[in-house]
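Trainee: First, the structure itself, so that you have it in front of you.
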């Protein structure tokens with residue numbers, strides 16, 4: 001590691017790239033929150049200001065505000081609303097370039113969104129879904145539980161971990177508990193809120209470079225805002 005332009009340059013050998021979707025690959029938080037608001041109005045409930053469900057599943061949201069017997073119908077309606085975003089959904093800086101640089105079989109998206117919602121948002125943002133897409137529909141326990149990232153990990157071996165990119169504390173906790181190196185992107189939460197859960201904090205995905213060895217090995221180089229919170233492997 002060294003320092004350049006007041007940022008710490010970090011380089012790791014990693015097994016694969018795992019990406020959260022909303023707030024990490026896509027500028028979609030406004031669309032997410034607009035959908036939540038529309039759903040809450042229809043359900044006659046109020047989501048308290050400051051209550052954050054970013055990084056968590058739709059079931060968590062529904063279960064917090066509607067009775068058990070209404071959850072299935074509430075989830076169906078929320079999915080219908082979320083599949084038709086009324087706010088723009090665009091790729092975040094560096095996202096398309098980074099995805100193009102990562103070998104397709106060493107890349108996954110790990111999102112709390114339902115599968116149909118994830119596919120709709122990726123399409124709206126001009127991102128082709130990767131070969132492996134883990135959604136809230138595919139797990140029993142969502143983030144911050146490690147299950148979503150464990151489900152996405154296929155290549156980790158011989159002490160070479162995956163690297164996970166996330167914008168929420170719940171997502172970082174999930175990834176770290178699953179054995180991933182964790183990279184945080186401020187936006188949904190502040191760098192200060194994310195730092196203790198991340199091995200590095202970066203400004204955008206444009207601060208990431210990928211190196212593919214002739215033997216198929218992968219390295220990632222980051223221009224990070226913070227020192228590592230735990231030793232790199």
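Values in this text are rule-based calculations from the coordinates and carry no lab data. What you are looking at is a predicted structure, and each value in this text was computed from that prediction instead of being measured. Cβ atoms come from the backbone with ideal geometry, glycine included; neighbour counts cover every protein chain shown.
Trainee: Can you tell me how much longer the chain between residue 154 and residue 29 gets when fully stretched, taken as 0.36 nm per residue apart minus their C-alpha distance, in nm with one decimal?
Mentor: Net length gain for the segment: 42.1 nm.
Trainee: Measure out, as a whole number of angstrom, how far apart the alpha-carbon centroids of the range 13-46 and the range 158-186 sit.
Mentor: 18 Å
Trainee: Using square roots of five times the C-alpha gyration tensor eigenvalues, list the equivalent-ellipsoid semi-axes of the range 114-212 in whole Å, biggest first.
Mentor: 20, 17, 16
Trainee: A further question follows. Can you give the helix-only mean residue ellipticity at 222 nm for the chain, where every DSSP H stretch with n ≥ 4 adds -39500 (n - 2.57) and the sum goes over all residues, rounded to the nearest 500 deg cm²/dmol?
Mentor: Taking each H run of at least 4 residues, the total per residue is -8500 deg cm²/dmol.
Trainee: Suppose each label sits 7 Å from its Cα in the direction of the beta carbon; what would the residue 221-residue 40 distance come out to in nanometres?
Mentor: Going from the residue 221 label point to the residue 40 one covers 4.4 nm.
Trainee: Using square roots of five times the C-alpha gyration tensor eigenvalues, list the equivalent-ellipsoid semi-axes of the chain in whole Å, biggest first. Before the final figure, lay out each step's value.
Mentor: Values: eigenvalues 188, 62, 54 Å².
Those come to 31, 18, 16 Å.
Trainee: Build a GNM of the chain with springs between Cα atoms under 10 Å: which of 11, 166, 68 gets the top mean-square fluctuation?
Mentor: 68
Trainee: I've got another one for you. What distance in nm separates the two pseudo spin-label positions at residue 203 and residue 191, each 7 Å out from Cα along the beta-carbon direction?
Mentor: In this crude spin-label approximation the distance works out to 0.9 nm.
Trainee: Return the single residue from 73, 164, 118 with maximal mean-square fluctuation; model: Gaussian network over the chain, springs between Cα atoms under 10 Å.
Mentor: Answer for the Gaussian network model of the chain: 73.
Trainee: Turning to a different aspect of this structure: With N residues in the range 105-156, what two-decimal value do you get for its Cα radius of gyration over 2.2 N^0.38 Å?
Mentor: Against the empirical 2.2 N^0.38 Å value, I get 1.11 for the range 105-156.
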